[in-house]
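K.L.:
Submitted below is the structure of interest, expressed as structure tokens.
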Amino acid sequence: MQKETFDVFYPTCNILVEAKVIVRGFVGYRSDAVNALDEVDTDGHGNRYSVALCRHCNGPSLVREALYGDHGQFATVTDEAVLYLEVSGPKLEGLPDSIVRSVAQAHRSYSTSSYDACAVMCRRAMEVLCKLCQPMEETWLGASPT
């Protein structure tokens, strides 16, 4: 029986989510048979790969199931692993390195549920941004710069 869902932790959702399988493929069959005549009576190993989507953020994941059983039908899933999970932070271009580093650290802190650290790093990024924009304060207030 093939699973239609997998439980996968998605950092973007920050929770364990039941991900729905959208496509499945079977790759490879290996047996421990020494010669071709023993192939029928020997158990084999194979891998089944599934692409699953998060029900909250539609983030993809690739799940590998290691299978073991007889030649005609695999009976047992011996291992299940999430091989690929798209985790991307914000793409910031054209900003100073100190702001990019602070925002990246805030994103990492948020993804590990360190909300206080995330708030501190967001504040740090805002402080740097305010310091950089301070000479332009007069133009924001409507006065002409001197």
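We did not get these values from a lab; they are worked out from the coordinates using the rules stated. Given the structure is predicted, the values throughout are model-derived calculations rather than measurements. Note: ideal-geometry Cβ built from the backbone for every residue, glycine included; neighbour counts use all protein chains shown.
K.L.:
Using θ = phi - 60° and the Karplus form 6.51 cos²θ - 1.76 cosθ + 1.60, what ³J(HN,Hα) does each residue of segment 3-10 get, whole Hz, x for Gly and Pro?
P.N.:
Rounded to whole hertz, the list is 7, 9, 9, 10, 8, 10, 7, 9.
K.L.:
Moving on. Under 5 Å between amide H atoms, partner at least 5 residues away or on a different chain: which partners does ASP7 have, H built in plane at 1.01 Å?
P.N.:
Correct list: ALA19.
K.L.:
Excluding ALA125 itself, calculate the net charge of residues whose Cβ lies under 12 Å from the Cβ of ALA125, where each Lys or Arg counts +1 and each Asp or Glu counts -1.
P.N.:
+2
K.L.:
Can I ask one more? Grab the other residues whose beta carbon is less than 10 angstrom from that of ARG64, score K and R as +1, D and E as -1, and report the net.
P.N.:
Spelling it out: positives minus negatives among the neighbours equals -2.
K.L.:
5 Å is the cut-off here: which amide hydrogens, built 1.01 Å from N in the peptide plane, fall below it relative to HIS45, excluding neighbours closer than 5 in sequence?
P.N.:
ARG30, SER31
K.L.:
I need the phi-derived Karplus couplings for segment 103-117: 6.51 cos²θ - 1.76 cosθ + 1.60, θ = phi - 60°, integer Hz, Gly and Pro marked x.
P.N.:
5, 5, 5, 5, 5, 5, 5, 5, 5, 9, 6, 8, 5, 5, 5
K.L.:
Near ALA19, within a Cβ-to-Cβ distance under 9 Å, what is the net charge of the other residues, with Lys and Arg +1 and Asp and Glu -1? Mind showing how you got there, number by number?
P.N.:
Numbers: positive: LYS20, ARG55; negative: ASP7, GLU18.
So the environment of ALA19 carries a net charge of 0.
K.L.:
Something else now. How would you rank ILE99, ILE15, going from fewest to most other Cβ atoms within 10 Å of each one's own Cβ?
P.N.:
ILE15, ILE99
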